[in-house]
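What follows is a set of notes on a single structure, which appears directly below.
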Amino acid sequence: MIKIVIADDHQLIIDGIKSLLANENTVQIVGEAKNGEELLRTGLLINPDLILMDLGMPIMDGIEASRKIKKDFPAIKILVLTTYADQKNIKEMLKIGVDGYLLKDAGKDQFIEAIHTIMNEKPYFDPRVTAVVMKSLQPQKNNANTLTPLTLREKEIVRLIAEGKSTHEIAATIHLSLLTVETHRKNIYTKLGMNKIASLVRYAIDEGLLDQ
């Protein structure tokens, strides 16, 4: 059972999410908070698996709350659920290392998919969110290949990881053994000084790899 805490300053949104997930037997809403301060004070005591995080909350917004949670409780997954689709907020949340970013007008199926994808240790980012960041980076893409220390094969694997593919799926896609793919993954993390999939997703977006 996936234990979820909802952080949103609108009760209508909280009630709507509860109603949406009421018949999902794999998830359980265990708490709610109207701002980041309340979330940190009481919501984390429930030890949730996943937090549905709004950005525009009073007292402490979702950005600051996410920053503190990822620093002190990195095992807790965060799915941003917001109306904000601007590149500043998106890139800041990617920098913090959130596990997913979904817009509030997404459908139920996409919402459920995002939750389960994240709990299966894969990032989930609304395609519209990815498109916003990629568009903002287009003028810089010509310089991307000269700045990256990765080989062409490693870049390909980073792109596939960022698309949410598992090691088995990557191996099947590019016709390599599981051991070879795992070795490439370790080398990529070492070269880039990273240890989280969310960081690789951000790297792939920054380098324009998802536009290939």
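Scanning segment 77-99 for residues that are in contact with a helix residue (DSSP H, G or I) (Cβ under 6 Å, 6 or more places away or on another chain), under 17 Å from MET134 (Cβ atoms) and surrounded by 21 or more Cβ atoms within 10 Å (Cβ to Cβ) yields a total of 2.
Pick out the one residue from THR42, THR117, THR82 that is hydroxyl-bearing (Ser, Thr, Tyr), without any contact (Cβ under 8 Å) to a residue 40 or more places away in the chain and under 23 Å from GLU163 (Cβ atoms). Criteria check complete, one pass: THR82. Look at (1) within 19 Å of MET93 (Cβ to Cβ); (2) buried (at least 19 other Cβ atoms within 10 Å of the Cβ) and you find that MET194 fails only one, number (2). Residue count for segment 170-212, restricted to those that are more than 21 Å from the chain's Cα centre (by Cα) and among the small types (Gly, Ala, Ser): 3. Just so you know, in segment 162-205 the residues that are under 28 Å from LYS70 (Cα atoms), of a type in the set (S, T, N, Q) and assigned to a helix (DSSP H, G or I) include one that is modelled with the lowest pLDDT, and it is SER199.
Comparison of LEU209, LEU160, LEU179, LEU200 shows that the only residue that is more than 24 Å from HIS116 (Cβ to Cβ), buried (at least 16 other Cβ atoms within 10 Å of the Cβ) and hydrophobic (A, V, I, L, M, F, W, C) is LEU209. Set side by side, the residues ASP15, ASP105, ASP9 differ, and just one is in a helix (DSSP H, G or I), of a type in the set (Asp, Glu) and surrounded by fewer than 19 Cβ atoms within 10 Å (Cβ to Cβ), which is ASP15.
Of all the residues in segment 22-41, those that are in contact with a Gly (Cβ under 9 Å, 6 or more places away or on another chain) and in a helix (DSSP H, G or I) number 2. Of all positions in segment 42-58, none carries a residue that is modelled with pLDDT of 95 or more and part of a helix (DSSP H, G or I).
The values are calculated or read from the model by the stated rules, or taken from the named source; none is laboratory data. Note that the structure is a prediction, hence the values are computed from the model and not measured. Methodologically, a virtual Cβ is constructed for each residue, glycine included, from the backbone with ideal geometry; neighbour enumeration extends over all protein chains shown.
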